[in-house]
Each structure stands twice: as C-alpha cells, then as structure tokens.
Amino acid sequence: MRRLMLAALAAILLAPATARAGTYDLTIGTAAINVAGKDQTAMTINGSIPGPVLRFKEGEDLVINVTNTLAEDTSIHWHGLILPYQQDGVPGISFPGIKPGETFTYRFPAQQAGTYWYHSHSGMQEAVGMYGALVIEPKAREPFRYDREHVIVLSDWHPDDSPHKILSNLKMSADYYNYQKRTLSTFVDDAGKMGLGAALADRMDWGDMRMLPSDIADVSGYVFLANGRNTEQNWTGLFKPGERVRLRFINAAAMTFFDVRIPGLKMTVVQADGNNVRPVPVDEFRIAVAETYDVIVRPTEDKAYAVLAESMARTGFARATLAPRMGMAGDIPANRPKQYLTMADMGMAHGDMAGMAGMDHGTMGQGATHTMPDGSTMAGTRHEGQGMTHAMPDGTTMKGESHAGHSMPAQPTHTMPDGATMAGMDHSAHGAPASGDKADPFYAPGSGLMPKAAEGGKFLSYADLKAIKPLYPDRPAAREIEVRLTGNMERYVWSINGVKYSDAEPIRLKFGERVRFKFVNETMMTHPMHLHGMWQILDNGSGKYNPAKHTISIAPGKTVEADIEADAEGEWAFHCHLMYHMATGMFRKVVVERETAEAVR
Amino acid sequence: MKNFILMIAGGLAVSMTAFSPGGANAAGMDDDIYWHVQADQAEYRIGDGADVLAWQGNAWIGNDDHRLAFKTEGENPIGKRLEKAEFQFLYRKPISDFFDVNAGIRHDLRPDPDRTYGVIGIQGLAKQFVETDANLFVSETGDVSARFEAEVDWLITQRLVLQPLVEVDLAFSEDRRIHSGAGINTVEAGLRLKYEIRREFAPYIGLHYERKFGATANFARDEGEDTDALRFVAGVSFWF
Ligand SMILES: [Cu+2]
C-alpha cells in the first residue's frame, strides 16, 4: 500500500516533465432555445449556446473528445489556432468529418495564448448554434493587468428561416431580406434635398449597376445574442467598482458585423485575434465576423453599464450588462440611422473626400447648396436659418469638414437620409478635428460604412493595431498573390478571382516562403477573410509591428495587403467567414508543400 | 423541323447529366441544386368582352451553371373554351452576370390546332432593374415568331410595388390556322399594384390592356372578336 502511494506520488511529481493535457469532452447534439419568444431547435455543443468556454494553458496538450449525436456529419474547427492540419477540423480538407455516433479526439499542443474560439465547419451548423470560446492562458506575464474577466460571445440567430432556407431564398431573390430599399418616399426625400435632377441621376447610377445602396447585410431578421442571450435575457457580468475588467469579445455570428460600445466607459483594446497589441483606448470598435478583440474597462461607479453591440446594418443590438449585482440592466438606445453604401463603396468615387476638407461654411448664405465631390452622396446641403441643418445621407462622410468662421447654434440638427434628425450632435471636433475623428484608411474615402463612434470620440481602426511582440522577423515577401474578392450579387454566387470554390484550383505555397496576399475587394460587401493554420500579417503601415490576425476584414472598394509565413505544411481552408459567402464559393484550399528533391536540385 | 425539336430535347437530356450533387463538405453548398416554383400572375380579368382567368408562371431546378426551366401561360374566357395555353420546357445557362440563355421547346395546346415550337431566348435583368425576356420561336410549320417582354418593380413602400409590364408578339410569316398574321400581332400592357404580405405571397390589382394588329386583328374581326380590350385585374402572385 505504502509502495503504491509512493508510486502514485512519484507519478504526480513526474507528471510535469511530460506535457500536461487539458481534456474536454464535447457532445454535439440538439437542444431547444428560446431567444425569439418560442422554443426552437438549435445545434449545440454540450447542450448550450454558446458551447462551454474551453480553457487551456500555453504549452499543454489540448485533448478534446468530440462525440456526434446528430443524424448528420459534424466537425469542430479551432479558429485561429496554430496546429497540425489534420487537427484543424475542416471536412474534405483536414479530415473526413465526424460521422453520426462517432467520437473524434483532437490532440495538439497549445503553441500560443489568447482569446480564440471554435465552431462547426460542417454544413451550416455554425449558424444554428455550434460555436464557443477557447481561451489559452499565457506562460509569461501579460503586458496588461486586470482583476477579473468575462468572455462575451456575440452571435446572430434567425428565428424564421433555417440556413438552407436562407440560402435558397437568396438564390431565388438576392434582395429577399432587404426591407431597406429605396422607395418612392425616399426618392421624394432625396429630390427635396438634392433636387430632382440629382436624385434621379443618383437612382440611375445605381440602376445602371443593378445594385442597391442598402445592401449592407444580405440577411435581415436576426435576433442578436450575447453569450446566447437576447437583449431581454440580458447576459450580465459582475464587477466591483474600481476593478479592471477584461472583456474577451468574439464575433461568432453567421453574417453580422457588430459595432461595440459601452456608454460611460472607455475601452482599452489590448488584444486582437489573440495577439497582444499596443493598448489603444477607444470608445467604440467594429468586430468583423470571426474576429476577436480583448478590451479592458474600469467601471468605477456602482451602476449597470450596457455593453452594446449594434449590427453594422443598424437593425438591432446584442446587449449584455456589466453590473455590480445581478438583476441590473444598462439602457438600450435607439438604433443609429441606417447606413447606405455610396459610390465610393462601389469603387466608383468621382473624387476624393479630401476635396471636402476646405469646405467653408462661413461663406454660405441661406439655402445654399453643396455639391459634393461624390454628387450622389451629398448634393444639396442646406444651411437654413438658426438651426443649421446638414442633410447628410451619412453622418460619417463629412469628416474633416471645416466649420471655421461659422457660428454654431446651440442645438444644430442633422437630417439623416431617413428623415430622422440628430439634434445636439457634438460639433466640437469640427473646427479642429480630433485624432479620433479622422477617416479610417481601411474604408474607401467617402464610404457609407465609415465607422464613427456613436457618442463621439475614438473608433478603433485597423491602422491602430500594432503588435507588441511580432511573431515573425520582418522580411520582404517572396511573391505576391492577388486575391480579388468577387461575386455576382444577382445570382448570389461569391467567388475569389471570379471563380467559386468547386471550380477552383488550390492556392499553392512553398513551405518556408513568405507571400503577400493582395486582397482587392471588387464587391460592395465587406468580407472577413480567414486563413486557417497560419497568421495573416496585416500591412497597416506599422512595418515590423504589423499585427498578425487570423481574420482580416476588407471593406468594399478597398485593397488590403497581408503577409503569410508559410510555416505550416498541409492543406488549409481559406475563406470569407460570412456563412452564405463561404457556402456559395468564396473559399479556397491553400496547400503548403515542401519543395520536392527534384525541384530543389 | 421535328429533327430540330429532337435536337433540343436531346440537349436537355445531356444537360441533366451535367448536374452534380452538392455535398455538405468544407465549402458547403457552392454547387448545390435549388428549385423554385413561381406564379407571376394568377388573375381574374373583367372589362371589355368576356371575363378571363389568366395565368403566367414558371419553375426551375438546377445549380448555378445549368438549370431546367418550365414556363406556362394561358387565358381561359369564362364560359368559353380555353383560348390560350402555352408550355415551355427549357435548358437555361448563364451567359453574363445578369443574363441567361434559354433553349428548348414550346407546346401550345391552344389555340387550335396545337403547335410545337423550338425556342431560343435571352432573359435577365437589364439596366434600371428591368426584367427582360426575349424569345425566338420556330414552329413545326416552319413559321418564325418572336416575343419580347419587359417589366419593372417600382417600390412605393417596402411592400407596396407598382409593376408596369409590356409584351410584344410578332411573327415573320403568317400562320393562318392559328390566326397569326405577319408583323406585330399583339401588344399587351399591364400595370399591377402588388402588396407583398411576404416576399412569397403578394395579392394585386391592376389594369391589363391588349391590342391586336394587322392580319391578326383581321382574323379576330372575322371571328367577331374585339381587337383591343381593357380589363381590370385582381390576382395573386406567389412562389415557393
Ligand atoms: Cu464575404
């Protein structure tokens, strides 16, 4: 007995010599959820949406047993993790998938730390609940401090249509879900603002392209969730006033980009896609589908703070609450006015918005008309009488505008495209634009999607992300691969370089080479492009401090470049992370292969 | 002529084999087969002449590259025998971002005697969101005719849609037995006001005007029929 105990003790003491393993058992099944006023069936991991938060330590082995109790194949992909490709979980590329009744064991070492997530890569199961957070604690001390943390998984749930039905509807009619189209009344409004001729010309411009400026999200009708709860169910994370709270945001939505803010709190962004970045204090940030951002907040008051994730199409919020006690709720404001795409987003800007910089309102008489560089977005600004009125299709297009010499009334009113007014908008930034109010270089100048903080202040840009510790030494890429993001909106076919996945050859990279992906977005949608197994080092002008990301979002009409160190042999998926773009072909296989002896010789 | 029709039927059969089943793999369904059935018009017309039940519908099945399509339209005057009943079976393939080519056969049960045609046409979304469909028909008797249709949706609100449409039928030779002259035979114009209760279901009211020209008009006069008719319509369009 004593010998046995000694042996056991020895085993325990010796254990750290071999890699420790963090083990989880995950069961894929179905469960009823109620986020839209009725019980509906979701596909779940361990019975909940989202699945459990999986926590590991850097350096240990991840051992995850996934059992499939569904009647169809399934899989789990570890989003953002560096791993052997056979463990990556993409059926048809990494492995055959997990058959009904089967258990598949994933096993690989945790070579990194940070906030990541996992989701099904089969069918469209991810869109009906199969996702969860994955957190790896670092070995070394982190370059920031916090007292407690919460994971906030954002997602979207469609209460009316299954993913297959959504896709079928989009194939039948690509604008099936668009109830924000321009109508007779918006035409009358536009004609009133711009004049009949300009309004007509604008309609004709869009009509020529057979596209809709309101096509910001392909799918509407979603209920937005924070940690699986809708706004009323109000997921709440606790804090003690004065504590530093780390929030690990993950966008696990099928189709929804979120603009995240916490009214009353400055957020300091410390990590993007799992990699530490130089801290950036912001008031709001946009999280593309599949991205993660870690922020630190310091709520000092004994009150509830609303964590608001507003959909980019301005159709609703995912709301969570940070509170000192359970049962409290932060307020939900009204949605911001709808955003509309501009000709700039079509890559067809008639001029650069820089031309607006010298716009001088001081010289304007009553009822004067501005013709903007982009005639379609802002022709006919009226400045009448006391309550100065800006008729702006989009509040964000007027950055850098000079109001010098213009006496501002106390309550200026902005008339937005839908006629809603925004009284009391802060004009303090107009005379001398604050640093937070600059145009984001990752959007086309004059873009209707240009983000702007709801309550003023700083909106995070990709340009702000600077790696603290670059993962790779900086070196020039050996070659450039053009990745044109293409699609046919009318037929609802999405593609890369004009070819959809099933018709395409893989992208082949040589093991050890550094290549540059040049993303050229030729569509009017924003595409979050995700590469499995390797980092995409986003060129945001920070040189050797360019941040490494697993998902890079490319706005309409923009070209964005990123380097890839091809250090992971095998076959990898590379795709747009919008569910229905991926499913209709905006997807490639990337093969990383060693040069054969012949090729070397 | 029969050979031509056989050739098209053969083409249809070959195109069927080009379908490949979709799989639930990594990229999901980028080659999946979809299908839809749509009734553009199912309506009752009342006004000049006899009341008429009229329909126009279509269906398709296929993937992005190859589709089989079915079209039908017809008119049944109340209390009289079926006046017009047309069916088309087509193979459809994209030829540009916004246009498809259709090829196949058309069979008219009415007018009497029935006629079979070979069809070739182009259909798609023209600039300013005008839905167009242009077809050339070659009948079993060797007569060549053509039809051009255009319609557009003007949104009054997100769900209330005004839909003007126009259809022109013309023939390059006379086919006396089916009362078809040479030249422009008929022009139809419609204006329908739809309310989309759902995208898939929209009741509507509107006006339908039809006018016959030339020899076709003479044939109609000989039969004691009107050469033009303006009717009020009420109906429903739906798809699934
Ligand atoms: Cu996309």
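Kindly indicate the residue of segment A:117-141 that is within 14 Å of chain B (Cβ to nearest Cβ) and among the aliphatic types (A, V, I, L, M) and also most open to solvent (accessible area, probe 1.4 Å) among those meeting that condition.
Only one residue fits best here, namely A:128.
Name every residue in segment A:142-157 that is open to solvent by less than 20 Å² (accessible area, probe 1.4 Å) and of a type outside the set (A, V, I, L, M, F, W, C), in order of residue number. Even if it seems obvious, please write down each step before you answer.
Of the residues in segment A:142-157, the ones open to solvent by less than 20 Å² (accessible area, probe 1.4 Å) are A:151-157.
Answer for segment A:142-157, where residues must be open to solvent by less than 20 Å² (accessible area, probe 1.4 Å) and of a type outside the set (A, V, I, L, M, F, W, C): A:155, A:156.
Among the strands (runs of 3 or more DSSP E) confined wholly to segment A:526-601, which include 1 or more residues that are within 16 Å of the ligand (Cβ to nearest atom), open to solvent by 10 Å² or more (accessible area, probe 1.4 Å) and under 23 Å from residue A:163 (Cβ atoms)?
Strands (runs of 3 or more DSSP E) meeting the threshold: A:551-554, A:587-593.
Working only within segment A:478-523, note down all residues that are more than 14 Å from chain B (Cβ to nearest Cβ), hydrophobic (A, V, I, L, M, F, W, C) and within 13 Å of the ligand (Cβ to nearest atom).
Correct list: A:483, A:485, A:519.
Residue check, residue A:284 against (1) closer than 15 Å to residue A:150 by Cα; (2) in contact (Cβ under 8 Å) with a residue 60 or more places away in the chain, all met but one. Which one?
Against the list (1) closer than 15 Å to residue A:150 by Cα; (2) in contact (Cβ under 8 Å) with a residue 60 or more places away in the chain, residue A:284 comes up short only on (1).
Pull up segment B:81-108, narrow it to residues that are in a strand (DSSP E or B) and more than 15 Å from the chain's Cα centre (by Cα), then point me to the one that is nearest to residue A:499 (Cα to Cα).
Ranking the qualifying residues of segment B:81-108, first place goes to B:94.
Assuming residue A:205 fulfils every condition listed in (1) surrounded by fewer than 20 Cβ atoms within 10 Å (Cβ to Cβ); (2) facing another protein chain (nearest Cβ under 8 Å) apart from one, which condition is it?
Among (1) surrounded by fewer than 20 Cβ atoms within 10 Å (Cβ to Cβ); (2) facing another protein chain (nearest Cβ under 8 Å), residue A:205 violates only (2).
The values are calculated or read from the model by the stated rules, or taken from the named source; none is laboratory data. Computed from a prediction, not measured in an experiment: that's the story for all the values here. Don't worry about glycine lacking a Cβ; one is built from the backbone with ideal geometry, like all the others, and counts go over all protein chains shown. Just the protein is used for accessible areas: all its heavy atoms, side chains included, with ligands, DNA and RNA removed. Shrake-Rupley method; radii C 1.70, N 1.55, O 1.52, S 1.80 Å.
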